1. How big is the convex hull of the Cα atoms of segment 184-223, per residue, in Å³?
2. Given an 8 Å cut-off on Cα distances and at least 6 residues of separation, report the relative contact order of segment 72-183 as a percent.
3. Would you mind calculating the gained length between Q178 and K83 on full extension (0.36 nm times residue separation, minus the Cα-Cα distance), in nm to one decimal?
4. Given a Förster radius of 35 Å and the C-beta distance between L161 and V36 as r, what FRET efficiency does 1/(1 + (r/R0)^6) yield to the nearest 0.05?
5. Please give the length that would be gained between L129 and T9 if that part of the chain were fully extended, namely 0.36 nm times their separation in residues minus their C-alpha to C-alpha distance (nm, one decimal).
6. Expressed as an acute angle from 0 to 90° and rounded to the nearest 10, what is the orientation of the C-alpha long axis of helix 163-179 relative to the principal long axis of the chain?
7. In degrees from 0 to 90, rounded to the nearest 10, what is the angle of the helix 110-123 Cα long axis to the longest principal axis of the chain?
8. Any idea what angle helix 136-149 forms with the longest principal axis of the chain, computed on alpha-carbon atoms, 0 to 90 degrees, nearest 10?
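Please treat every number below as a calculation from the coordinates, not as lab data. These numbers come from a predicted model, not from an experiment. Neighbour counts run over all protein chains shown; Cβ positions are idealised from the backbone, glycine included.
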Amino acid sequence: MISFKGFNTPKEIILQAVRWYLAYALSYRDIEELLVERGLQVDHSTINRRVIQFAPLLEAEFHQRKRRCNGRLRLDETYIKVKGQWLYLYRAVDSSRETVDFLLTKRRNTAAAKGFLKKLIDRESLPTLINIDKSGSNKSAIGSYNRDYGTAIEIRQCKYLNNIIEQDHRFVKRKMKQTLGFKTFSSAQATIAGLEMWRMVKKGQRRWSGAMTPVEQFYALAS
């Protein structure tokens, strides 16, 4: 249960502002203006703090309701600018294009790739196959995980098959272009968690969603 105690702004308004930011190409100032039209005075800096505070909590709640992926993964990393420096966002989708997991790291090497793989498996399940590009660090990470844990994850290196995840990156990076980069690593982590969560909601990855719309699914995470 996500707590909204101690806030002057009603829970519904907080959630609406967070969803608007994650779902649309809106800035914090845009959302401030939209709320003013509804007779609500919420400063853009307050909206920023609420996104950073609640986006990871909502993502964690969604993960508890998330449908398991099919075990045949596409793994890749893309670039994210934080305080003027390029960092690395590791992401994985399955062969049905459903998001499996993600991890923002400061380095792009075997240790970072292995850390992402361990997070992914701990949260999701053991994949049977992982397709990667020609990245030596990703291949080394999977091989190292197999040796350490006695697993037999099949490694496939086919750039064509990784087009699925490269295309999927754009839905997250669209917001990155709008923000012109993040100010801190922690704010980047929090915002990306929210963006990935909303993307999974839109993909229909929630178990037992029934006839609920994506918007209804979002608000249900905090109920």
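1. Numbers: hull volume 2.8 nm³, N = 40.
Dividing the Cα hull volume of segment 184-223 by its residue count gives 69 Å³.
2. On the way: 182 pairs, mean separation 34.4, N = 112.
Reported relative contact order: 31 percent.
3. Values: separation 95, 0.36 × 95 = 34.20 nm, distance 1.47 nm.
Stretched fully, the Q178-K83 segment lengthens by 32.7 nm.
4. 0.15
5. On the way: separation 120, 0.36 × 120 = 43.20 nm, distance 4.67 nm.
38.5 nm is the gain from fully extending L129 to T9.
6. So the inclination is approximately 30 degrees.
7. The answer is roughly 70 degrees.
8. For 136-149 against the chain, the angle is about 80 degrees.
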